[in-house]
Structure formats: structure tokens, C-alpha cells
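Taken together, the values in this text are just the output of simple stated rules run on the coordinates, not laboratory data. Only a predicted model underlies this, so the values are computations on that prediction, with no experimental measurement involved. Methodologically, a virtual Cβ is constructed for each residue, glycine included, from the backbone with ideal geometry; neighbour enumeration extends over all protein chains shown.
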Amino acid sequence: MTRDRRSRIEDEAGRWLVRMREGPSEADRRAFIAWYNQHEEHRCTYDRLGRFWDDAPRTGLTSPLADPFPPRRAPSRHLTYAMAALVAACAIGAAMLAGNQRLSPVSAQPQELLMLATEVGEIRTETVADGLKVTLDTDSAVAVSGDRRRLRLERGRARIGVDRRAAPIVVDAGAARIDAEQAVFDVRVEAGEAVVTPVEGAVAVASVGRDGEAVRVSAQQSLAVAPGAVRMRDGPDRSRSWPRGLLEFDGAALRAVVDEANRYSPVRIRLADPDLGSLRVTGQFRVGDTAGLGQSLAAAFGLSLSKQSNGDLLLHPPSQKSSGGGGG
């Protein structure tokens, strides 16, 4: 890495650390996650600078905020100057550190904000504290507070497991606030709602802007939470085998099956005729195997499968010819 590039990344990391410690907006959080996961050098530099900052009290600098979700306010002049000094110290000491070694966000010091994120098609499990595990679904992101007691689902879906060794936690997802102790549950954010589905045990779910006590939901139940509203969903949430890379459907509409499968791959399955979406699907499929799923669906319903010019797969009745274009 060139000196100019290293200097630029260190400057960006310092600015992000200031912003994330001083109270980020929702747009800030999304932008930071994208920057952090864009390149290995970004992750290494941010984590290294965070450790410099956590050592700051021994040099007389003010300790950063431990809570990653405080009310937003303008960065203080003292914090900005202090961070500038740490960026310089980080640059001087970079040659003495393993700068090219990837440092996982999970290895961060206790005061640091922990950011976990996955790319499209990736499913990953991380142990973020003793007794606390988080499994991230495809294209998902979670922010974890410095004390590992509060989590925020930024996008996508996560399975969170809290066993008897862990302290009770709070999870924020959209308009939902979830209090959990000794439970395993799925939470996802989609189409303006947060959906909470316990797999083991029970959790308490409340909605931002809604008066009254939290609703307790247990395994085999599912809640949808919008601002000021909590409603019970019919039946449990989607396939519970997704952490193992499997999608299970029992009488699901074909359109829903296709939408779910498309989340895991840049190659998408499309329906040439919207009426095909009402067909009912029962079966189990491996995530990311778009071609295999397309072939299985075509065989099950007597459809034709063709490849479009952009790489997507088109399902259509045998008598209907594919245009080979990019739509579907």
C-alpha cells in the first residue's frame, strides 16, 4: 500500500471513529458499514485506530463514549483534535504493527463499537460475547454496543442466541425493541416492518411509539412490528434452517420462493408470467444454487427455463418463447 493511500485511509478511519463515537445518524451508520466492509485495509485501520483510542486515557485524552447509540450531537473540538493526534500516532506506529493482517471486528476492545456485516450470498456466525452468538443472513448488518448488551439490526436478518452465561440483551430492529434472556430468535427488517420469531424460549417485544406493555412471544409464534403497532403473524416466520444454508417451503407461493432465493445470489430467477407466482411450492433448497432451484421448479411445474442476456434465469410456459432480454 502506498504512503498516500495509507494516509488517506487513516484519515477516513479517524473521521469515521469520531462520527461513530459522537452519535451517528441512521445514514451515518449505513455509510460506515459500507465503508468498513469495502476493503480489508479499512477494517484493519479502523480497528487499530480504535485500540489507540482506547489507550487514550493513559495519555491524558478524554475517553470515548461507550454507547454507540447516543443522541446525535456535533463533534466536540477536543475530540476532533485528539483524534487527529491519534491518526498521526497511528501513522507513525504503522510500520511496527501487522498492518496487512486482517483484524476481525470481533477482536475489538470492549469499548469499541462492533460492526458485523455480510455480503450477498454469505451466512456467518460470530460469538460476540460469552454466551452470545449472532448469525447474519445474506446482505445483513448488526451493530453491537461496547458492553455487548445492546444490538441494532441495521439491515437484513439475524439469528441471535443468548444462553445462561450471557447477560440479558436488548435488540433494536426498525421500530421493534426486543428484550431477550436465554432465548434463540430470528429478527429481520423488511418492507418497513421488523419481524421477530423465537426459535427457542421467549422474548418480549415492544414497538417504538406504542403505549402499553411489551408483547411476549414464544417459539412457533411470530410478531410483525411497525411504528406504534404490534401484530401477531399467521404461522411462524420463513424457513428456520437458513443458518445452515437451507430454505424450506411448505405450500409457499412461487413468487415468495423466488423472492427469497434471489436474496442469496446476483443471478436472479424471474417469472415471465405473473400468474405463475400463485403456484404452490413445497421443498427444501440450498441457498445460492439459483440454477439448481430454477431447474427443479421448471421440472415440478412443467415450465421452461431459459437464460437471459444479463445472466438471469427466466421461468415461462413451454409454449412461450423467451425474448432473451434483461426483464422478466
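Please give the FRET efficiency for residue 220 paired with residue 25, using the beta carbon to beta carbon distance and R0 = 51 Å, rounded to the nearest 0.05. Write out the running numbers ahead of the final one.
Numbers: r = 37 Å, r/R0 = 0.73.
Result of the calculation: an efficiency of 0.85.
Can you tell me the length gained on complete extension of the stretch residue 7 to residue 248, counting 0.36 nm per residue apart and subtracting the Cα distance? It would help to have the intermediate numbers written out before the result.
Numbers: separation 241, 0.36 × 241 = 86.76 nm, distance 4.82 nm.
Full extension from residue 7 to residue 248 adds 81.9 nm.
Counting alpha carbon pairs within less than 8 Å and at least 6 residues apart, what relative contact order, in whole percent, applies to the stretch 112-205? Walk me through the intermediate numbers first.
Details: 247 pairs, mean separation 19.3, N = 94.
Computed over the stretch 112-205, the figure is 21 percent.
Using the Cα centre of the stretch 114-232 as origin and beta-carbon charges of +1 (Lys, Arg) and -1 (Asp, Glu), tell me which of 117, 212, 153 is placed farthest towards the positive end of the dipole.
Final value for the positive-end residue is 212.
Given Cα pairs under 8 Å that are at least 6 residues apart, what percent is the relative contact order of the stretch 242-316?
Taking the mean separation of contacting Cα pairs over the length of the stretch 242-316, I get 36 percent.
Work out the FRET efficiency for residue 170 and residue 284 from their Cβ-Cβ distance, taking R0 = 41 Å, and round it to the nearest 0.05. Working shown, then result.
Numbers: r = 34 Å, r/R0 = 0.83.
Between residue 170 and residue 284 the formula returns 0.75.
How far, in nm, would the chain grow between residue 150 and residue 125 when pulled straight, counting 0.36 nm per residue and subtracting the alpha carbon separation? Mind showing how you got there, number by number?
Details: separation 25, 0.36 × 25 = 9.00 nm, distance 1.75 nm.
That pair, residue 150 and residue 125, stretches by 7.3 nm at full extension.
Could you tell me the calculated FRET efficiency between residue 190 and residue 40, based on Cβ-Cβ distance and R0 = 22 angstrom, to the nearest 0.05?
Numbers: r = 30 Å, r/R0 = 1.35.
Calculated transfer efficiency: 0.15.
Using unit Cβ charges (K, R positive; D, E negative) and no other charged atoms, how large, in debye to the nearest 20, is the dipole of the stretch 242-316 about its Cα centre?
Working: 8 positive and 8 negative charges, 35 e Å.
Charge dipole of the stretch 242-316: 160 debye, to the nearest 20.
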